[in-house]
Amino acid sequence: MKIVRCSTALLLLFAFCTVAAAQHHAGPKVYEEFHDVLHPLEHEALPNKDYRRIRSQSGELVKRGKRIVKAGVPEALAGDKRTEFVSEMKAFDVALNKLKTTARRGKNSQLASSYSAVHDSFEKLMGMLPR
């Protein structure tokens, strides 16, 4: 009986953790996949000035960011919200292109700036997604 109760408790704990993780990364799958690369760079690499790590992950970040651009505007957005989203999506795409360039041959200060532009633009897009 104790084994069954322990197994049940572990399953419930796992289910709770899975739901909690899903809520933290609310949004379409392409946004979640982008965030999976962005988050450790923002919270570990950038504060520690680990530019080598940012450079090494920038290609993957850009690749996943381009998937967001390709996904386009959510159908639920209309009118001014749609127009605003399109404008921010263009800014996000420009920021991705700049990050790609600065990761290859830019100075660390340029890399930090272009990375931050990508991060900030992504955050704006996330805030504009329909709930």
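Bear in mind that the values in this text are calculations on the coordinates, not laboratory data. Note that the coordinates shown come from a computational prediction; the quantities given were computed from them, not determined experimentally. Every residue, glycine as well, gets a Cβ built from its backbone with ideal geometry; the counts of neighbours run over all protein chains shown.
Numerical summary
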item	result
Listed pairs Lys70/Lys107; Lys90/Lys124; Lys29/Lys98; Lys29/Lys49; Lys49/Lys70 exceeding 21 Å between Cα atoms	Lys70/Lys107; Lys29/Lys98; Lys29/Lys49; Lys49/Lys70
Point-to-point label distance, Asp36-Thr101, nm (Cα→Cβ direction, 7 Å offset)	3.0
Label point distance in nm, Glu44-Lys124, each placed 7 Å from Cα along Cα→Cβ	2.9
Linear extension gain, Arg52 paired with Lys90, 0.36 nm per residue minus alpha-carbon span	11.0 nm
